[in-house]
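The values are calculated or read from the model by the stated rules, or taken from the named source; none is laboratory data. These numbers were taken from a predicted model, which means no experiment stands behind them. Because the Cβ atoms are built from the backbone with ideal geometry, glycine has one as well, and the counts that use them run over all protein chains shown.
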Amino acid sequence: MVLVALLTSVPFVAAQEGGIQYQHANSVVTVTTDAIGVKVTAFNQVPHFTIWDENDTTPGTDYHVTFINLFEANDTDGDGVYDPEVDHRYGDPFTLPTSDWSFSGFQEEYDGDDVIAVHFNFTNEDTFTPTPTAPYMLADAPSTMDLEIEIRVHINATYIDRMKFDLALDGWEWMYEGSILVFQFAISDSEHGANQGTGAPTDFAEDESGYKFTFGEAWMECANFAYAENGTHQSQVQVKASHGSGGQGSIGNAVYIAFEYFGNNSLDYDPTLGILSEEVLPIPTETLLIVGGAVIVLVVIAIVLKMRK
């Protein structure tokens with residue numbers, strides 16, 4: 001009886017694993033792991049990500065990464081980096097739609113009964129005709145674009161402190177072959193639970209590589225290359241990142257991701273968002289069994305020694 005009582009008092013660690021939790025309602029997706037919380041919103045507003053530290057119960061800070069617009073610009077000094085103080089946009093920017101985003105549903109990956117990865121996307125199709133601004137007037141009127149934008153999100157149990165998202169763009173019509181295409185994001189923060197950012201994050205900084213930004217307890221990392229495809233061939237596209245103030249009517253800091261000319265191909269790019277908290281890796285089942293077995297052996301030895309006294 002003593003043995004049974006002691007064995008039943010030993011906690012079974014596997015039952016405490018949180019795993020990946022996810023849900024979708026009203027065009028809002030919420031995903032949590034043991035380290036990061038993620039909310040992706042695409043309902044009556046331009047798509048934006050909200051991330052937070054799942055281990056911060058104070059209640060903590062939310063970090064908002066919002067898609068603002070995309071536009072073609074000249075590259076004054078030819079370095080591939082968009083500088084809002086020097087470079088100039090060619091016409092009005094394309095502002096991402098606030099409605100008609102189609103949700104794909106969840107695609108899960110399993111290891112036995114455990115969900116080890118979750119994928120989903122939001123897709124939008126829209127028509128856009130840029131209006132050139134002086135002195136960049138064209139001999140012919142700009143082409144009307146039939147754009148398709150897809151935002152694909154990936155959460156993996158191997159890296160539970162971050163999320164990766166793909167930006168897929170198809171249908172962009174260039175005005176000039178020597179220009180760059182720029183995606184602009186706004187990064188802000190708020191108290192946990194707010195729907196929108198309320199201010200600029202503290203300690204916003206860019207690292208030496210020029211591809212990673214830190215803000216408060218979060219970070220955004222931009223890949224060095226994107227990929228252009230035409231259905232039969234894939235090629236790398238150079239990417240440069242920069243940042244600045246949010247600008248008029250925008251809250252927080254601006255991040256600009258500039259792509260070199262990629263012709264009439266589709267574009268695919270995958271930045272990453274994460275939390276600076278200590279990464280908590282999932283405990284392998286084999287390790288749990290070994291530890292649990294060792295604990296049971298120690299309990300049995302302790303009982304035997306006690307009975308011999």
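Some observations on this one:
- When we screen I160, I187 for residues that are assigned by TED's automatic domain parsing to the domain that holds Q107, part of a strand (DSSP E or B) and either touching a residue at least 12 places away in the same chain (Cβ under 8 Å) or in contact with an Asp or Glu (Cβ under 8 Å, 6 or more places away or on another chain) (or both), the only hit is I187.
- If the condition is being within 19 Å of the chain's Cα centre (by Cα), within 15 Å of I68 (Cα to Cα) and among the hydroxyl-bearing types (S, T, Y), then the range 96-123 contributes only T98.
- Selection count where residues are over 21 Å from L167 (Cβ atoms) and in contact (Cβ under 8 Å) with a residue 12 or more places away in the chain, scope the range 215-238: 2
- Verdict on D79 being of a type outside the set (A, V, I, L, M), exposed (fewer than 15 other Cβ atoms within 10 Å of the Cβ), in contact (Cβ under 8 Å) with a residue 60 or more places away in the chain and under 29 Å from S179 (Cβ atoms): yes
- Selection status of Y269, buried (at least 18 other Cβ atoms within 10 Å of the Cβ) and aromatic (F, W, Y): yes
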